[in-house]
Amino acid sequence: MKLSKTKSSKVLEGDLTPMIDMTFQLIAFFMLLINFSEVDRAEEITLPVSELAIPPEGRPDYQVILNLEPGGNVIFEGQRIPQIDVMGPILKQEVRNADREDVDTGEIAVIIRSHEDTPTGLVQKLIAKCQDEEMENFVLRVNEKIN
């Protein structure tokens, strides 16, 4: 911080420009570090608890997050899809998006966040719908049970 003395008085004044500049740089830095993965999480989904849960090793190159409600509704990117059967065009679009980014269809990680009260048959139906679009890499999210 540069201090300058005015001619009329003996008061030292500080130049705040570098401090303001540093503040804006810190704001920009922390904005880049914000975790945007929370965007894909639906608050109404309560994940089941599992003792066998293993944390993921890393983030996949391309992922599709599907939130499945007990009634069969799928929440995808904040949009509620009323039935699993109408997911075909949405999944096809995701395959095309992955292809544009040079990601093979088999490398698309389909992350299914199913509510704990969702019947297993609905999860299987959603997986089958994804397999119809040649997606084959699935991850089922659960909460880890800590003893």
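The values are calculated or read from the model by the stated rules, or taken from the named source; none is laboratory data. The model shown is predicted, which means the values in this text are computed figures rather than measured ones. Cβ placement follows ideal geometry from the backbone for every residue including glycine, while neighbour counts extend to all protein chains displayed.
Determine whether D61 is more than 20 Å from V142 (Cα to Cα), of a type outside the set (S, T, Y) and modelled with pLDDT under 85. Please lay out each step first, then the result.
Numbers: more than 20 Å from V142 (Cα to Cα): yes; of a type outside the set (S, T, Y): yes; modelled with pLDDT under 85: yes.
When the stated conditions are applied, D61 passes them.
If you go through region 64-113, how many residues are polar (S, T, N, Q), closer than 18 Å to I127 by Cβ and surrounded by fewer than 17 Cβ atoms within 10 Å (Cβ to Cβ)?
As a first pass, look at region 64-113 and keep what is polar (S, T, N, Q): 67, 73, 79, 83, 93, 97, 105.
Still in the list and also closer than 18 Å to I127 by Cβ: 67, 73, 83, 105.
When the remaining residues are screened for being surrounded by fewer than 17 Cβ atoms within 10 Å (Cβ to Cβ), the result is 83, 105.
Qualifying residue count for the region: 2.
Consider D99 carefully, then state whether it is over 19 Å from F138 (Cα atoms) and of a type outside the set (A, V, I, L, M). Talk me through it step by step, then tell me what you get.
Working: over 19 Å from F138 (Cα atoms): no; of a type outside the set (A, V, I, L, M): yes.
When the stated conditions are applied, D99 does not pass them.
If I filter region 53-63 down to residues being in contact (Cβ under 8 Å) with a residue 12 or more places away in the chain and not hydrophobic (A, V, I, L, M, F, W, C), which single residue comes out as surrounded by the fewest Cβ atoms within 10 Å (Cβ to Cβ)?
Residues of region 53-63 in contact (Cβ under 8 Å) with a residue 12 or more places away in the chain: 53, 55-56, 60-63.
Subsequent filtering for residues that are not hydrophobic (A, V, I, L, M, F, W, C) retains 55-56, 60-63.
Values: P55: 5, P56: 10, P60: 16, D61: 13, Y62: 19, Q63: 17.
Here the answer is P55.
Taking only region 106-144 into account, find how many residues are assigned to a helix (DSSP H, G or I) and farther than 20 Å from G58 by Cβ.
Here is the first cut: in region 106-144, the ones assigned to a helix (DSSP H, G or I) are 106-107, 120-132.
Adding the requirement that they be farther than 20 Å from G58 by Cβ leaves 120-132.
Total satisfying the criteria: 13.
Among the listed residues T46, T23, which satisfies the condition of being outside any strand (DSSP E or B), surrounded by 10 or more Cβ atoms within 10 Å (Cβ to Cβ), modelled with pLDDT under 70 and not aromatic (F, W, Y)?
Values: T23 fails: modelled with pLDDT under 70.
Unique residue meeting the criteria: T46.
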